[in-house]
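The values are calculated or read from the model by the stated rules, or taken from the named source; none is laboratory data. Being a predicted model, the structure only gives us computed values, none of them experimental. All Cβ positions, glycine included, derive from the backbone under ideal geometry; neighbour counts span all protein chains shown. Just so you know, the surface numbers come from the protein's heavy atoms only, side chains and all, with ligands and any DNA or RNA stripped out. Shrake-Rupley method; radii C 1.70, N 1.55, O 1.52, S 1.80 Å.
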Amino acid sequence: MVLDSLEDSIQMQKYSSRLPASSNKETISEPNRKMIKFFLMVNKQGQTRLSRYYEHVEIHKRTMLEAEVIKNCLSRSREQCSFIEYKDFKLVYRQYAALFIVVGINETENEMAVYELIHNFVEVLDRYFSRVSELDIMFNLDRVHIILDEMVLNGCIVETNKNRILAPLFVLDKMAES
Amino acid sequence: MSDVVERTLSALPGLLGQHDPGAGPGGGPGRVSATSRLGGLIRSITALSSKHEEEKLIQQEQTNLKATVSAPTTTLRLMKECMVRLIYCEMLGYESSFGYIHAIKLAQQGNLLEKRVGYLAVSLFLHENHELLLLLVNTVVKDLQSTNLVEVCMALTVVSQIFPREMIPAVLPLIEDKLQHSKEIIRRKAVQALYKFYLIAPNQVQHIHDKFRKALCDRDVGVMAASLHIYLQMIKKNASGYKDLTESFVTILKQVVGGKLPIDFNYHSVPAPWLQIQLLRILGLLGKDDPRTSELMYDVLDESLRRAEINHNITYGLKALTYVIQQDPNLALQHQMTIIECLDHPDPIIKRETLELLYRITNGQNVTVIVQKMLDYLRQSKEEYTIINLTGKIAELAEKYAPDNEWFIQTMNAVFSVGGDVMHPDIPNNFLRLLAEGFDDEKEDEQLRLYAVQSYLSLLEEEDAFYPQKFLQVMSWVLGEYSYLINDGDPEVIITRLHRLLKQTFVTSETKAWIMTAITKMSSRMSCSKTVDKLIQEFSTSLDTCMRQYAFELKHLCENKELMKKLLPLDASCDEIMVDASLSFLDGFVAEGLSSGAAPYKPHHQRQEEKLSQEKALNFEPYGLSFTSSMSSSGFTGRQSPAGLSLGSDMSGNSAEIGQKETNCLKLDGVRKLWGKEGYLPKKENKTGKEDKTQPVPPDSILMGHVVDPPLMQSEQQVVSLSEEEKEKQQLASTLFVGLGSNSAISLMGRADTITQKLKKKSKISETQNSEEAYSFQNTATLPFSSLPDTAPNNKENFQGNEHLGLRKVSLSSSEVLEASVSFDTSQSLTEAGLDEKLSNCRLSTSSLFADSNIEVFQPPQNVPDIVASKAPLSLCLPEELAGHPHSEIVELCSRDILTVYSCKVWTDDCSLLVLFVANNSTSPLKTVNLVFESTEHFKIFESLSCHFPVIEAQSIESCQKCVQLEKVCTEGILSGSISYHLETDTHLEFSLTFSLSDFIRPMKITTEDFGRLWLSFSNDVKQNLKMSPSQGSLSIALNALKQKLKLHIVEIIGNEGIAACRLLPSIPCLLHCRTHARTLALWFRSSCSALPDSLLYQCQKVMEES
């Protein structure tokens, strides 16, 4: 009997050493983890055309991240799926002509939801600029940002109705004209 | 949804960016003229061709911008353009902090679009904790009160993006008002802002929870959808609190799915897909582990599933399926053809997901096919992570569902040869354990082992085959243990093959050790062998000391077959072995040696120190050291010290001349330790240290050919005759999904489920083992004693002297070995005394020593004496000025060999001091000892996080004090750190200790009047009723308990009411009002700090439960 319990306790020790060190750290940082981490538009040459980070990232780290992200996207063929597991998060990307739209998400966000969100975003841009191009985005960076802010806020998808997304911007444009 | 990609691509021909921006098609609103400054910047950016050019361009741009933004004449319109240019600079990675303040100004002063761009720039430039953010608050407050709805919208947007937590109270009432606004967009944005507040400061929006409910029931979809974000977070934290809302969510989902939303919420004719996803997420959380709540959802889930167009060709579908299958494997049947297609998908990510799915539906009938698929994938994969992951899965499946021995062994062979040295070390370990422990059926076990032996022999037949080290180790262990099972085979042949391996260059020295042990085991069962003799001769002169040692051991063992047989019994790998790690059986020998004038044993590092100090020109410690070094020069210690003998690998050259008598006794330990039940486990430690990064064997390894399993072959042949691709797939499907659903139509082999869990592990300990244990214990105990008959009395004597020796402080120089024996004696004599707690402790420690005994046996000289050294007690006491304060006991934090760290908490009036003692137990000074704490968010340590001791003299203690303050209120937190020191090599030792809230609580001495005044001024309060046990009796007893444990100050007790006060260091007050009423104690805390009452209440609860 003594041996039995001894054996058990040794086993226990083995297992306990394998358990993760502490779980309370996670719960502290949990609420701050954004489902969508960043939203990028990068062209095939690796030039960033728009970037919005929903979690704070140092500026010099951003350029490094963007370079790696686009490298990852470029390495994949059209037949391959649009989701990449990258470090501790996932990338969802779509390519429109020479422009990649890449969204970094954590494991709780739904890849498909983001995949379609990207397209919805492009459709909104298309409606606003009537046939959008890369140069439209470059020359109207502020407006593209304003549109994105209506759709994604705080790392969450907040609006997907095209009319509602564009309404505030249309008002601003009208005011500016008059 | 999938065709949208194509449609858009055709709709966006202009994306190539070749056309003139100024006259783009459609002429979208607000175009920038190409001649403006911004236009110039953009054109130069598009023309960039190198990083260097970019740098030059942006630097130039920044200089221009700096001048423009700070010029007083700059108009707001120009400022807006500057902001966009600044956004460009930052986007390309060039910090432009000079413009931040101007972004804030623009948000404050600009007209609508300018204001919006100002806000946008702020949200892009600044982060949550940026100091400039405070300057934005005024503007936000002003805009929230504006009559212009656009301005209100902007302010709400920026608040939900970025806002300083401490300024929330300034805008909260304004935003709450907006919840009743007539415009939906304002209400929606207000809810989004509150969501932000909920994320960064949940306590501050606690009082408006019912307003969230109102938002959920808002007549506008957008407002309702916005409130779902808050609910998702709240339900994540506490699902049970919102079960009553399940029905509301279900109703909403029903309406969404039923197409009741305005048409513009549709996305490609799907009604608000993102809203559906969000609702499903919430329902998922609510229904988790709660069948009653789930019941409410089934209808609507079914409806959504029916309407949803599941796209099978992408990972998403598979993933969903994987999750569903965990609930109901039958569902996979409906989609089997899809899964088959995914298996051949060119995208490795999809393939991997498919295998993951197959892994989950594996059973006894389809295991061969699924494992085959996995192995196919494994062969193509180069990525280390995938290999580790897949080999683990295959091994698990093989162990669980193997249909027969041959298949199991061959599958494992494939795993070992492909997984090579990157796979998880548990795989070979478990495999060997499985073989050794066997199953309930003795005959079955034997067959499995026999098959393993045969298969390895045929693998080794190959002349130039290359196998990973781990595989070779497995092979040699199995051959060593079980080769006797082959009746007709000649052991000589096996030994020859192993011998050949020893000469291969790719075999590492660790693997060679495994092979040598296998040969030793086998030779114990043979009368004589030419190959073994040859081998001994060959390796006796090897340059590798380990190999030489093995050769000598083997040689001596061969000369004494009787002992060898006893030492290496057949099929005894599962027997427990007791190891006398302290070598107590040598006590008599040592005592004899000492009494005849020999010098006491000195550990390796000490010897080296002395040697060094002898060489030095100046001897700083003339007496002590010169004396001991003259003693050690006798040479006796080097060769015949008991510890030295067992540590063969340490010895320089004279291991060859070891006396035979000693070797016999000692090797009993050394050799047995190697081959014990856990015998290969110690090796694991070696492996993980080295972590061979050998590349996996090329995919077309010969092994793989063996692993084609009968069912698949069969099915393939059938398919060939049909020669139709579709049929082939169906066939594969039927083999893959067999056993999943009993009434499946496609399933060709669809008979009743009989899961063959053939290779299930049985529990390890049987009664027979216990008796064997006793035997082996006796064995180790008596054998050495018989060779040294006068040990026993000596032992007793030593034990009596234990206390005396143990208290020795500085005189470590006498005999460390003696002390080692003493410490072990305790356990022995206790064994006789009976079974008590100490016994199990001692046993535990011996067996755990055994578990890592490899370290002692193979590499290292100094470990054995070092264990001894750590036991040397040193006196610890607090500095005088602290001793008067209340303090905790001095406890050991961590210890290794020569260094021990003790800690003591001292609770002074105005801080919590942590006193750390670093004790040097060795006989040599320790240099550059560094103690560093990890920074945590809970605690703050003054003055610095580290502590440095340039030198700690031998046998002395240094101490350091740190003042610890609670930075963030919590009931308990862990403070961890590490200590590093240098002795021969750099050593690093980690420790951690727990601080609880009560460590930081001090009494606050105030009067009843003060109490009353303070009570009213505090807003954070918590109330709780606690049950009192009869023993706790009256209020005063309970309060006194709290006073003692938590250091509260009792202000006054009147009847059944009492008030107490305390402060959290340095000076955050917390007041307590308590009242007893019929065996309940009502506690009511108030404090100026919001988190403190909660945590303190928790501490009180603990105290009440304990007392």
Computed ³J(HN,Hα) along segment B:449-456: with the Karplus parameters 6.51/-1.76/1.60, θ = phi - 60°, integer Hz and x for glycine or proline, the list is 5, 4, 5, 4, 4, 4, 5, 5
Diffing segment B:909-919: the Karplus 3J(HN,Hα) column from phi (6.51, -1.76, 1.60, θ = phi - 60°), in whole Hz with x for Gly and Pro, holds 4, 10, 6, 9, 9, 10, 9, 10, 10, 10, 9
Across all Cα atoms of segment B:354-394, Rg and the largest Cα-Cα distance (Dmax), in Å, are 9.9, 30
Between the modelled labels at B:Arg213 and B:Asp464 (7 Å from Cα along Cα→Cβ) the distance in nm is 8.1 nm
Within segment B:141-189, DSSP-loop trypsin sites (Lys or Arg not before Pro) with at most 14 other C-beta atoms within 10 Å are B:Lys183
With R₀ set to 60 angstrom, the calculated FRET efficiency between the beta-carbons of A:Asp88 and B:Ser595, to the nearest 0.05, is 0.40
Over all viewing directions the Cα convex hull of segment B:84-149 casts an average projected area in nm² of 4.5 nm²
In whole µm²/s, the translational diffusion coefficient that Stokes-Einstein assigns to segment B:370-414, given a Kirkwood hydrodynamic radius over C-alpha pairs, 20 °C and 1.002 mPa s, equals 202 µm²/s
The simple spin-label model distance between B:Asn203 and B:Phe942, using points 7 Å out along Cα→Cβ, in nm, is 2.3 nm
Contact-by-burial set, segment A:45-77, min loss 20 Å², accessible area of protein heavy atoms with 1.4 Å probe, reference chain alone, gives A:Gln47, A:Thr48, A:Arg49, A:Ser51, A:Arg52, A:His56, A:Ile59, A:Arg62, A:Thr63, A:Arg76
Taking segment A:91-141, the equivalent ellipsoid from its C-alpha gyration tensor has semi-axes in Å, biggest first, of 23, 11, 9
Bounding extents of segment B:979-1107 in its principal axis frame from Cα atoms, largest first in Å, are 69, 35, 21
Rounded to one decimal in nm, the spacing of the 7 Å Cα→Cβ label points at B:Asp490 and B:Ile101 is 9.5 nm
Violations at 21 Å Cα threshold for listed pairs B:Lys1027/B:Lys1102; B:Lys142/B:Lys183; A:Lys37/B:Lys214 -> A:Lys37/B:Lys214
A correct Kirkwood calculation over the Cα atoms of segment B:986-1039 returns a hydrodynamic radius in Å of 16.2 Å
On complex formation of A with B, accessible surface lost, both sides summed, probe 1.4 Å, nearest 100 Å², amounts to 8300 Å²
Taking N as the residue count of segment B:874-922, its alpha carbon Rg divided by 2.2 N^0.38 Å gives 1.21
Under the Karplus relation with 6.51, -1.76 and 1.60 and θ = phi - 60°, whole-Hz ³J(HN,Hα) for segment B:925-931, x at Gly and Pro, equal x, 9, 10, 6, 8, 10, 10
Violations at 29 Å Cα threshold for listed pairs B:Lys178/B:Lys288; A:Lys34/B:Lys393; B:Lys602/B:Lys927 -> B:Lys178/B:Lys288; A:Lys34/B:Lys393
Relative contact order in percent for segment B:419-509 (Cα pairs under 8 Å, 6+ apart) equals 35 percent
Looks like segment B:92-204, by Cα gyration tensor root eigenvalues a ≥ b ≥ c and the a/c under 1.5 rounded cutoff (else prolate when a/b is bigger than b/c, oblate otherwise), is oblate
Between the alpha carbon centres of segment B:131-148 and segment B:99-126 the gap in Å comes to 11 Å
Rg/Rh of segment B:475-523 (Cα atoms, Kirkwood Rh), to two decimals, equals 0.97
Under 5 Å from the placed amide H of A:Arg76, counting only residues 5+ away or on other chains, we find none
